[in-house]
Amino acid sequence: MAYHCAVKNCSNGAYRLGKWKAELCRDCNVQHKDKHCSCSPPFRLFPFPTQKKDREKRERWKQLVGRAGQGKKLWSPSKDSRICSNHFIDGQPTVDNPYPTLNLGYDGYKDRVRRITLFGTNKAHELQCYKTKIVKQSQHGYGPDTSVEDPPLGNLPRRKGIFEFVWPWIVWVINLIIQLVDAKRKTTALQNENEELRATIKKLKTEKLKVSMDSDEDVNFHTGLKNRSLFNKLHDVVAPLVKRRWTGVLSMTRGLRNLKKKPSTFGPSRKLPSKSEFLLMLMKLRLGLLNKDLAKRFQISCTLCSRIFFSWLRAASQALRHLVFIPDQEAILASKPDRYRSLPDLHSIIDCTEIFIETPKDLHLQGATWSDYKHHNTVKILIACTANSFICFVSSAYTGRISDKALTIDCGFLDRVPPYSMIMADKGFNIASECAVRHLSLHVPPGKRGQSQMSTDAVKKTKRIANYRILIEQVIRRVKTFRILANEIPISLIGHIDDIVTVCCALSNLKNPIYKT
């Protein structure tokens, strides 16, 4: 749309009207184009009468505009030609005044002003050549002595009004340069101050999120790791797997955006550095802190704290699950402590541990997770370790009501033990027939077997097996130094219990053996 006023020297048109609409109204405090602005436009554009409806009126408008067309033809308006309201007596075509009669621009052609130059080539202003009178050589023979009649200063040609015209512009340019230099100086000072403040903020954030990780003792207290070097190495392993933050099952199953050019620009900027997020996850596992406590420590919201924990927990479980594996028989034999040398076929020691959970609301789940042994709602996990206290197997979490035998058979641990190996367990593991089918030897305490009192040999055997079996109790106690497992697990973490146990067991394997080899 390029509507414009057809009157000579009138610059009104749709462009100027659009600029006015985009401006902010000082009275209404909104843009003029907004419906809440009650101001009238500075002008309106009226189209020419059409050829069919009012031909005489159209021709009269054309004559009043008085523009010349190509050749001798009368000018004819185009589809974008309009007459603005400034040329009508009533501000618009009316019955009394239907024709444009004001400011029609007949005498509107402005004479072009010749550019004024300081050094022109006009002959009227050229310096006149004055005649010189040459005198012959003097009697002294010093060369020609020319005598020139200097013209009087008043007769020199000058450009009248040039100085008066140019001087204000020179002053304006000088003032503008001074303002630009001053603005540049202020801008540079503000930029330097901004950089200093950014550096200060970054330093304060680093100090705020440091959480006293200076010594190895502090690292061990907050994370359960031996030293800071191990913390940095684990971070470098886990960090590449944290591609997206966990925001729940429903939101994570939607279609993902594919950013081929700049995948690093996905999502908003992180409020915490990568190592601080990794530290947050380890502190929740090691100290069992609540999200509100962690959020205050790291100066973030509880929602963001929860998302960071779940994202890094999933990545850590994926990266560290390879630290929990069943080694071959040669490695087990080579790393066996002296106190277990008398048991050359010993493969692993197994036991089940129960973790308290929050009571579910569903009655069926309450009954399924109720443990008669702990008198609490629990989940049960099978843990197996070798003679050097290395955790070689961790099962998935089962309901607390399941028996040790059913859990051991269902988790598939027996199928992963090589034949002709020995497994040591508590007397509650009645899996002798299952082990015999797989050519495995099971060592459990003998028990009373219907007798009122155990025999001397049975007591000695029970004591000997208990001395060997105490290792698995120590390993489980070490795993539960991660206080998230020692406390009651809330319902919101039940879906991530397998990842939590896997990470805690993997981090326990990074510690020194309980018994030296």
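Laboratory data are not the source of any read-out in this text; all were calculated from the coordinates shown. Remember, it's a predicted structure, so these values are computed and weren't measured experimentally. So basically every Cβ, Gly included, is an ideal-geometry build from the backbone, and we count neighbours across all protein chains shown.
Brief remarks follow.
- Phi angles of the range 385-402 translate, via the Karplus equation with coefficients 6.51, -1.76, 1.60 and θ = phi - 60°, into HN-Hα couplings of 9, 7, 5, 9, 6, 8, 6, 9, 7, 9, 7, 6, 7, 10, 5, x, 7, 5 Hz per residue; Gly and Pro are given as x.
- Environment charge of C392, counting only residues whose C-beta is closer than 12 Å and scoring Lys/Arg +1, Asp/Glu -1: 0
- Relative contact order for the range 364-420: 30 percent, from Cα pairs under 8 Å spaced at least 6 residues apart, divided by residue count.
- Only one residue of S11, W61, H87 has its Cα farthest out toward the positive end of the dipole of the range 4-87, where Lys and Arg carry +1 and Asp and Glu -1 on Cβ, and that residue is W61.
- Residue order, fewest to most beta carbons within 10 Å, for D214, D498: D214, D498
- Semi-axis lengths, Å, the range 4-87, gyration tensor of Cα atoms, sqrt of 5 times eigenvalues: 32, 13, 9
- With contacts taken as Cα pairs under 8 Å and at least 6 residues apart, the range 4-87 reaches a relative contact order of 36 percent.
- Under 5 Å between amide hydrogens, built in the peptide plane, is the criterion, and for H376 it picks out S371 among residues at least 5 positions away or on other chains.
- One equal scatterer on each Cα of the range 325-509, no solvent, Debye formula: the resulting log10 I(q)/I(0) at q = 0.13, 0.15, 0.18 Å⁻¹ is -0.71, -0.93, -1.25.
- As a length-normalised measure over Cα pairs under 8 Å and 6 or more apart, the relative contact order of the range 369-486 settles at 19 percent.
- In this structure, the pairs whose alpha-carbon distance is over 19 Å, taken from K243/K275; K336/K427; K52/K79; K374/K480; K460/K516, are K336/K427; K460/K516.
- Couplings 3J(HN,Hα) of the range 224-237, computed from phi: x, 8, 6, 8, 6, 4, 5, 4, 5, 5, 5, 4, 5, 7 Hz, in residue order, whole Hz [Karplus 6.51 cos²θ - 1.76 cosθ + 1.60, θ = phi - 60°; x for Gly and Pro].
- Here is the list for the range 359-390: trypsin sites (Lys or Arg not before Pro) lying in DSSP coil, each with at most 10 other C-beta atoms within 10 angstrom of its C-beta, are K361.
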